[in-house]
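The values are calculated or read from the model by the stated rules, or taken from the named source; none is laboratory data. Here the structure is a predicted model, which is why all the values come from computation and not from measurement. A quick note on method: Cβ atoms are made from the backbone with ideal geometry, for glycine too, and the neighbour counts reach across all protein chains shown.
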Amino acid sequence: MRVKTKLQTIALFMFTVLIVLVTAVFLLVKETRRSSSNMRLADEIQSNFMERTSIRDQYFLYREVHMLNRWDESKKKSDQLLRQAKQQFQGTEYQQIIELLIKSIDETAVIIHRIADNSNEMKSTAGNREILEELDKRLSSQLLLKATAIRDTVLILNELSNQSAEHSYRRLTTIVISLAGTVALFTLLLSVNLMRLIRMRLIPLHEGARNIGNGHLESRITVSGSDEFSELAHSVNAMTEKLVAEIEIRKTFEKELLEANTAIEEANKKALQKSEAHFRTLVNTIPDLIWLKDTDGVYLACNTTFERFFGAKETDILGKKDYDFVDKELADFFHIHDRKAIEAGRSTSNEEWITFADDGHKALFETTKTPMYGADGQVTGVLGIGHDITESRRAEEEKIKLETQLHQAQKMESIGSLAGGVAHDFNNKLSVILGCTYMAFTEEDQAKRQALLDEVRKAAEQSADLTRQLLTFARKQTITPKELDLNDTVTSMLKMLQRLIGENIQLAWLPAPDLWRVKADPSQIDQMLANLCVNARDAINGTGRITIETRNNTVDSYYCEEDPEAVPGDYVHLSVSDDGSGMDKETMARVFEPFFTTKGVGEGTGLGLATVYGIVKQNNGFINIYSEPGKGTTFTIHLPRLEEKSQKTLTEAKTPPLPKGQETILLVEDEPAILQITSQLLGKQGYTLLTAGTPNDAMRLAHEHVGEINLLITDVIMPEMNGKDLANRLQSLNPQLKCLYMSGYTADVIAQHGVLDEGIYFIQKPFSLPDLAVKVREVLDGKP
Amino acid sequence: MWKSTLSLLLIFVLSGCQKSPSQDASQRSAATLQKITVAYTYQPQSTLAHVAVAKGYFAEEGLEVQSLMHTFGKASLQSLLDHKADFAAVAETPFMFNVLKGEKIYLIANIEASGKNNAIVARKDAGISVAGDLKGKRIGFTPGTTSDFFLDSMLTVIGLNRQSIQPVPLKPEEMQAAIVEKRVDAVCTWNYPLTQIKRQLGPNGVLFYDPIIYTETFNFAAQQDFVQKNPETVRRFLRALIKAENFVAQHPDEAQAIMSAATKTDLDLIREVWNAFNYRVVLDKKLLITLEDETRWAMKNKLTDQTVMPEYQNYIHLDSLRAVKPDAIRGGR
């Protein structure tokens, strides 16, 4: 029989047996419960009877009505219990017993009530008392007799129900034990059968399979019978035969695969060699120097250009170091930069002049060194690429030189634009000065002569403004930021700007009321205005209008999101608008680039707006352009608002009278007129003056003067010695000596810095007495 | 494997079953039959004895019964006292009187009980329609029997006593003729004569009884000496009666037929009165109560010289019945 059939049969048989036994257990449990319930009910019926017996006896003692009532109540309970029993108990015998009980108890009820009635009659009747007493005894006897019968019957009921319950329990126990025994027996038999199956059938199969598994592919499993085990044995045998065939096929395939792999490797090798040759050609063709060194500086590879540098073939270079080809100083230089790249962990660049060993020519190389890493992340060496920048460097230097020249040309262009008007004005002023001076010499009246001298002074001051403006455009003046009211600055420039843009263009000026103050160099404001106005003029073809406007403006963070150069804060804005040709977006994007111009050759330098941009940034401001082609352009300069505190200080500073002093001042000026007038001005303020026309005179005076000299006021550029050197020499003699520099039209050492250095005092020539008095006092009261 | 499995399973199943009852051990071979004489009556109270004889239950118990028939129990007991019978069927009243007389007898089993077997049947033409009409009338009764005790009980229920009527002593077999011939106005008796008289009187007859005032018992008695010397005989005798008891319970029709044949009594009459009787082989307390009650009555009415209540427990033999049917002993000592 097949194992599967056996197992199915066993399972079916066991299942059937278990179902039968479990059903029997179920039914017996049910019966046991019913028997237990019957037993409890029988107990209750017995208890009820005993209770009624007790009540009856008590009644017989005292013949009290309430005891009779209790007896009746107990009888009702009895009726109820017996009705329940009649429904619950099954079997003829039980039913007969219950019927008998019902009948007997009903009879006792009749008897006890007749006893009660008779007892009542005895109480009321005297004549028949003897008979009534006899009847009482007779009835009582019958009641007792019936009660005995009832008690016996109740006991029978109880015994029967107890026996029934006990019997049910015994049967249940027997069946449960039988069930357990059956399960155990089946388990035992099944185990024995399984062990037999394993020993007789499975183990031979296992041993045969293991033999094949150990590589004895020629062996086969021998199992008799026609069950699953024999089928399995046949299957394993068939698998073994198939496996042997498969192995043969695989061996053939592996041989073919090996041949194919060899062919592929050959092809790959050739392709690699070809690729390497290409790569070598590529590296050698590049005009740059290319080389590889390990971390010890030993060359691993290099290209043809590099061979020229060292004057050796690559085969001679590999395995050697820089020290084998160049002098120690250069080799050290190379080594240091190799180490820098390795330590930085990234590419580093340096420039170096090198001399090619093959032909001896020199060239400037920008060398980039990059650390190389192995698969383990460790540095394995340095890749070097040197690019010849000799020519590009020369071109760059040439470009800078040309830029400088063009820059200056732009300035000269601006000066040229101004020259006509300025010369005219200057001549007018000179005419006024000459005329008034002449009249002053001849005028005897003191008051009139004073008035003429006032005119001379005014004309001289106006002339000084003109020269200052010219210097602004020459951009050689020093920059001295100071607190400004832009409205005043612009107003003072209007006349010159009008001349700059010509008569065909209308200049509109819209100053804002209560304009905040700014701190800036007025000359830079002038320069920006001039450049912007010239730009606007050039954008207007023929007639047009240029509008200059000032306004207070607060820039918030939202604005700054739109303009990345802006910083939140209060600003004074200065705009120059024209109704000219306007610009497209591409032009606008480039207008601040140096040398970018839309003008024709010789018409502009391309530096005007770049200059404006530089000045604005120098003053911590920013600039916007608004323009559309054909609709004009507006440049808006934003300069930071000056704090009110400073403004107040400035206002207060203006209020007091001109400061005076009694210190000794050494005044050095090679221009006698300036020397004289300056000496007189300072003398009026109470100072003691030592005057010198040359630095040597000054040195001499300083040596000869017995008392202390507190301040040196000196021109910067002088024939023998510049002011800076003079100051240094005198201060070496007198460290407490303070110094105030004066400067006129020419360039000087200080101006090269663009702004005044901290601690160096300077006053622009020409200057007024108030300016000079304030400045001298400031220097004397300050630190040396 | 399956054979062994099935065998073991069968063993398990069989081991879970109770053993079947063994064969009746009381079967005896005919060669060992013991002869006994049993005195009993033609009355329905002796049904179990008739059935036991007719069904051969005594023989099954190894007893060969010689029947000694009487018309009523008092006579039956007398034959026992006269050593003419080994066992006698008798109601409790004659047994009580004989105990009071000092007879050494045992009551070994109660075989019948009834509350409806005794009654007074009267002639209407004697002016008796209701129970109260019995006052001053001539009423026949059998002294020393249940008739004697029942008559007093009924009179008490009616509110009369023996002095209120004219009692006429009669044997049971004399009753019918006496009332038919109007020598008495009524008779107090038992079945079958009771029902026969009522039938004979027809519409002129009227029946007075009270089912709760008296419970008659019919019993088997034996000499104490006999019982002590023949315990096995007594047990066999009782086993036969128990078999009859079971037969009567299970086959009442057959039992009625047996009675009709054995007593030459009309089957219809037997059936008419059949339900008035309860045929059980027991020994219970009611016997003791009834005996003491009747003894008190007998003493009160000077029917005996005894004035001390006998210890009736000493006259009721429980051991034999307990041996053969333990649960038949109820409320005993």
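Okay, here's what the table says:
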read-out: Hey, A:PHE306 surrounded by 14 or more Cβ atoms within 10 Å (Cβ to Cβ), within 20 Å of A:ASN350 (Cβ to Cβ) and modelled with pLDDT under 90 or not; value: no
read-out: Residue match in segment A:192-207 (condition: more than 30 Å from A:VAL236 (Cβ to Cβ), more than 9 Å from chain B (Cβ to nearest Cβ) and in a helix (DSSP H, G or I)); value: no
read-out: Residue satisfying all of: in segment A:541-575; without any contact (Cβ under 8 Å) to a residue 60 or more places away in the chain and surrounded by 20 or more Cβ atoms within 10 Å (Cβ to Cβ); farthest from A:THR597 (Cα to Cα) among these; value: A:ILE548
read-out: Pairs with Cβ under 7 Å, 6+ apart, first in segment A:313-326 and hydroxyl-bearing (Ser, Thr, Tyr), second assigned to a loop (DSSP other than H, G, I, E, B) and modelled with pLDDT of 90 or more; value: none
read-out: Which listed residue, of A:LEU189, A:LEU139, is at the interface with chain B (Cβ under 9 Å from one of its Cβ atoms), assigned to a helix (DSSP H, G or I) and at pLDDT 90 or above; value: A:LEU139
read-out: Residue list for segment A:675-715, filter: without any contact (Cβ under 8 Å) to a residue 24 or more places away in the chain, surrounded by fewer than 16 Cβ atoms within 10 Å (Cβ to Cβ) and small (Gly, Ala, Ser); value: A:GLY683
read-out: Hits in segment A:142-163 (condition: closer than 19 Å to B:VAL282 by Cβ, more than 8 Å from chain B (Cβ to nearest Cβ) and among the hydrophobic types (A, V, I, L, M, F, W, C)); value: A:ALA147, A:ILE150, A:VAL154, A:LEU157, A:LEU160
read-out: Test for B:THR304: is it in a loop (DSSP other than H, G, I, E, B) and more than 14 Å from every other protein chain (Cβ to nearest Cβ); value: yes
read-out: Condition broken by B:VAL184, with the remaining ones in (1) aliphatic (A, V, I, L, M); (2) within 23 Å of B:SER114 (Cβ to Cβ); (3) modelled with pLDDT of 95 or more satisfied; value: (2)
read-out: Pairs, first closer than 12 Å to A:SER164 by Cβ in segment A:10-37, second hydrophobic (A, V, I, L, M, F, W, C) and assigned to a helix (DSSP H, G or I), C-beta under 6 Å, six or more apart; value: A:THR32/A:LEU172; A:SER35/A:ALA165; A:SER36/A:ALA165
read-out: Residue within segment B:313-330 that is of a type in the set (D, E, K, R), within 13 Å of another protein chain (Cβ to nearest Cβ), in a helix (DSSP H, G or I) and touching a residue at least 60 places away in the same chain (Cβ under 8 Å) present; value: no
read-out: Helices (runs of 4 or more DSSP H) wholly inside segment B:217-287 that include at least 3 residues being in contact with a His (Cβ under 8 Å, 6 or more places away or on another chain); value: B:252-263
read-out: Test for A:ALA530: is it small (Gly, Ala, Ser), buried (at least 17 other Cβ atoms within 10 Å of the Cβ) and out of contact with any Ser or Thr (no Cβ under 7 Å at 6 or more places or on another chain); value: no
read-out: Test: residue in segment A:111-118 that is under 28 Å from B:ILE329 (Cβ atoms), among the charged types (D, E, K, R) and at pLDDT 90 or above; value: no
read-out: Enumeration of residues in segment A:335-358 that are out of contact with any helix residue (DSSP H, G or I) (no Cβ under 8 Å at 6 or more places or on another chain) and in a strand (DSSP E or B); value: A:SER349, A:GLU351, A:TRP353, A:THR355
read-out: Matching option when the condition is of a type in the set (D, E, K, R) and within 14 Å of chain B (Cβ to nearest Cβ), among A:ARG171, A:ARG220; value: A:ARG171
read-out: Sole exception among (1) modelled with pLDDT under 95; (2) within 16 Å of B:THR233 (Cα to Cα) for B:THR37, by number; value: (1)
read-out: Among (1) of a type in the set (A, V, I, L, M, F, W, C); (2) in contact with a Ser or Thr (Cβ under 9 Å, 6 or more places away or on another chain); (3) at pLDDT below 90, the one test that A:ILE709 misses; value: (3)
read-out: Any pair with Cβ under 9 angstrom, 6 or more apart, that starts in segment A:494-507 at a residue that is farther than 12 Å from A:ALA530 by Cα and ends at one that is of a type in the set (D, E, K, R); value: A:GLY502/A:ARG537; A:ILE505/A:ARG537; A:ILE505/A:ARG545; A:ILE505/A:ASP578; A:GLN506/A:ARG545; A:LEU507/A:ARG545
read-out: Residue among A:GLU134, A:GLU166, A:GLU130 that is assigned to a helix (DSSP H, G or I), acidic (Asp, Glu) and within 7 Å of another protein chain (Cβ to nearest Cβ); value: A:GLU134
read-out: Pairs where the first residue, in segment A:109-132, is more than 18 Å from B:SER153 (Cβ to Cβ) and the second is assigned to a helix (DSSP H, G or I) and not hydroxyl-bearing (Ser, Thr, Tyr), C-beta under 6 Å, 6+ apart; value: A:ALA109/A:LYS75; A:ALA116/A:LEU68
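Let's see how each residue does on (1) surrounded by fewer than 18 Cβ atoms within 10 Å (Cβ to Cβ); (2) assigned by TED's automatic domain parsing to the domain that holds A:ILE150; (3) among the hydroxyl-bearing types (Ser, Thr, Tyr); (4) under 60 Å from the mean Cα position of the chain (by Cα):
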residue: A:ALA11; (1), (2), (3), (4): yes, yes, no, no
residue: A:MET14; (1), (2), (3), (4): yes, yes, no, no
residue: A:ASN48; (1), (2), (3), (4): no, yes, no, no
residue: A:TYR59; (1), (2), (3), (4): no, yes, yes, no
residue: A:GLN80; (1), (2), (3), (4): yes, yes, no, no
